[in-house]
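Report on one structure; see the data block that follows.
The values are calculated or read from the model by the stated rules, or taken from the named source; none is laboratory data. Since this is a predicted model, take the numbers as computed values, not measurements. In this analysis, Cβ positions are derived from the backbone assuming ideal geometry, glycine residues included, and neighbour counts consider all displayed protein chains. Each accessible area value is taken on the protein alone, full model and side chains, heavy atoms only, with ligands, DNA and RNA left out. Shrake-Rupley method; radii C 1.70, N 1.55, O 1.52, S 1.80 Å.
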Amino acid sequence: MIRPPEYVLAIRPYVPGKPLEELERDLGIGNSVKLASNENPVGPSPAAVDAVGKALSGINRYPDGSGYYLKKVLSKRLSVSEDEVILGNGSNELIDIAARTFMTYGDEAVMATPSFVVYSMAVQSVGGVCVQVPLKDYMHDLDAMAAAVTPRTRMLFIANPNNPTGTINRKDEFDRMMAKMPDNLIVVVDEAYFEYVSDPGYADSMKHLHSDRNVLILRTFSKMYGLAGLRLGYGVAKREILADMNRLREPFNTNSIAQKAGIAALGDDEHLRRSREVNESGKEYLYRRLGEMGMSYVPTEANFIYMPVAGAPALYEKLLRLGVIVRPMGPDSLRVTIGLPEENRRFIEALARTAGDGR
Ligand SMILES: Cc1ncc(COP(=O)(O)O)c(C=O)c1O
């Protein structure tokens, strides 16, 4: 029987959550709220939905493989040239393409733990070695990550804000780390939650774009833009880096509907404003109520909150039975997405009920 190489066998497959309807049927519940995947609870931009409708009649054609119009809009917004932008089937795909482009068997990649699980999967898929550096105070420890770089390191991943902790890295520490990077290594700065950040000290990754270091900045339409189901993300890097990644990019990796929806979403400032406002007020409500309940949480710069709590898997199960789906993150923490006011209230009420029954 044919089997994959050892390094592929070592990968633990990503276990997707059950569809909501299936879960509700299994548990005999209804009207559950899903606060597990950091999606935008406001929904997609109405302008994007409209663009999707209009694009449907053209799906007999292949998409524009270069993503010409979307890249044009993005490059103008970001003040970069069009060949400094790459589109992906979600930013997830770009993580994968980057690992396949720049790493080979036995190369090392430095990443934080806990952080976004896809980095290690991408690195392992090419037989690379993951060097995991623990967070410090729930934040990426950039000095320790820089110190973990060896002559075999080809990639260094930073999620800023980090998933699952929602913390950011700031300008000074980021610039200090960049100054230590060799030129045969690429720093992937994953800014999937960039649009939610309000802290003025947030690191400016773009300023390193044209330096003699290598950065690949990743962003997505899956979070604040509310288009997770369409799979659309983008990367920004020097043209030489993207030219190499384009060798491995599938010719039609982003679909025509997503490209049109992305352009429309970028022009819908009102949707972004509302999404940000719902997130900020939800955050304030959750901070206040969690504080009153004596629950600990890590202040967030994203659209989710990390809660250190003993017995997290059991608590997750209890919340599930009360119709509230969050994400357990190991034995002693939960991550909850900030939802609509009613969803946040349901979460707090369920949490209060579980506290009453000897968790
Ligand atoms: C840190 C981080 N990066 C990337 C992604 C993937 O986003 P996309 O939907 O664009 O593939 C996520 C999704 O949860 C994320 O949390």
Residue count, region 102-117 (criterion: within 13 Å of the ligand (Cβ to nearest atom) and either crowded, with 23+ Cβ neighbours inside 10 Å or assigned to a strand (DSSP E or B) (or both)): 2
I'm trying to understand the selection: among the residues of region 225-264, which are within 13 Å of the ligand (Cβ to nearest atom), open to solvent by less than 20 Å² (accessible area, probe 1.4 Å) and in a helix (DSSP H, G or I)? Ala258, Gly262
Any idea how many residues of region 16-38 are among the polar types (S, T, N, Q) and without any contact (Cβ under 8 Å) to a residue 40 or more places away in the chain? 0
Of the residues in region 85-101, those that are open to solvent by 10 Å² or more (accessible area, probe 1.4 Å), closer than 20 Å to His208 by Cβ and away from the ligand (no atom under 12 Å from the Cβ) come to Thr101
Taking Lys318 and the conditions (1) surrounded by fewer than 19 Cβ atoms within 10 Å (Cβ to Cβ); (2) in contact (Cβ under 8 Å) with a residue 60 or more places away in the chain, which numbered condition does it fall short on, given that it satisfies the others? (2)
Scan region 285-308 and tell me whether some residue there is in contact with a strand residue (DSSP E or B) (Cβ under 9 Å, 6 or more places away or on another chain) and without any contact (Cβ under 8 Å) to a residue 12 or more places away in the chain. yes
Determine, yes or no, whether Arg61 is assigned to a helix (DSSP H, G or I), open to solvent by 10 Å² or more (accessible area, probe 1.4 Å) and farther than 18 Å from Glu240 by Cα. no
Top-ranked residue of region 216-268 - restricted to ones that are under 17 Å from the mean Cα position of the chain (by Cα) and β-branched (Val, Ile, Thr), ranked as nearest to Phe194 (Cα to Cα): Thr220
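Looking at the structure I just gave you, is Tyr68 at pLDDT 95 or above, aromatic (Phe, Trp, Tyr) and surrounded by fewer than 14 Cβ atoms within 10 Å (Cβ to Cβ)? Spell out how you get there, then give the answer.
Values: at pLDDT 95 or above: yes; aromatic (Phe, Trp, Tyr): yes; surrounded by fewer than 14 Cβ atoms within 10 Å (Cβ to Cβ): yes.
For Tyr68, the condition - at pLDDT 95 or above, aromatic (Phe, Trp, Tyr) and surrounded by fewer than 14 Cβ atoms within 10 Å (Cβ to Cβ) - is met.
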Before we move on, is Ile217 assigned to a helix (DSSP H, G or I), of a type in the set (A, V, I, L, M, F, W, C) and either under 17 Å from Ser75 (Cα atoms) or within 12 Å of the ligand (Cβ to nearest atom) (or both)? no
Has region 31-43 got at least one residue that is in a helix (DSSP H, G or I) and either open to solvent by 20 Å² or more (accessible area, probe 1.4 Å) or modelled with pLDDT under 95 (or both)? no
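Going by the conditions given, is Arg25 open to solvent by 70 Å² or more (accessible area, probe 1.4 Å), more than 16 Å from the ligand (Cβ to nearest atom) and closer than 16 Å to Gly235 by Cβ?
Values: open to solvent by 70 Å² or more (accessible area, probe 1.4 Å): yes; more than 16 Å from the ligand (Cβ to nearest atom): yes; closer than 16 Å to Gly235 by Cβ: no.
Criteria not met by Arg25.
Answer with yes or no whether Arg346 is among the basic types (Lys, Arg), more than 13 Å from Pro41 (Cβ to Cβ), touching a strand residue (DSSP E or B) at 6+ places or on another chain (Cβ under 7 Å) and buried (at least 18 other Cβ atoms within 10 Å of the Cβ). Quick ask: steps written out before the conclusion?
Values: among the basic types (Lys, Arg): yes; more than 13 Å from Pro41 (Cβ to Cβ): no; touching a strand residue (DSSP E or B) at 6+ places or on another chain (Cβ under 7 Å): yes; buried (at least 18 other Cβ atoms within 10 Å of the Cβ): yes.
Taking the combined requirement at face value, the residue does not satisfy it.
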Subset of region 1-22 that is surrounded by 13 or more Cβ atoms within 10 Å (Cβ to Cβ) and either part of a helix (DSSP H, G or I) or small (Gly, Ala, Ser) (or both) - its residue that is nearest to the ligand (Cβ to nearest atom): Leu20
Checked pairs for region 264-278, first modelled with pLDDT of 95 or more and β-branched (Val, Ile, Thr), second buried (at least 19 other Cβ atoms within 10 Å of the Cβ) and not in a helix (DSSP H, G or I), C-beta under 7 Å and 6 or more apart or across chains, list as Val278/Pro41
Any helices (runs of 4 or more DSSP H) falling wholly within region 118-203 and containing at least 3 residues that are open to solvent by 10 Å² or more (accessible area, probe 1.4 Å), within 16 Å of the ligand (Cβ to nearest atom) and not basic (Lys, Arg): 118-125
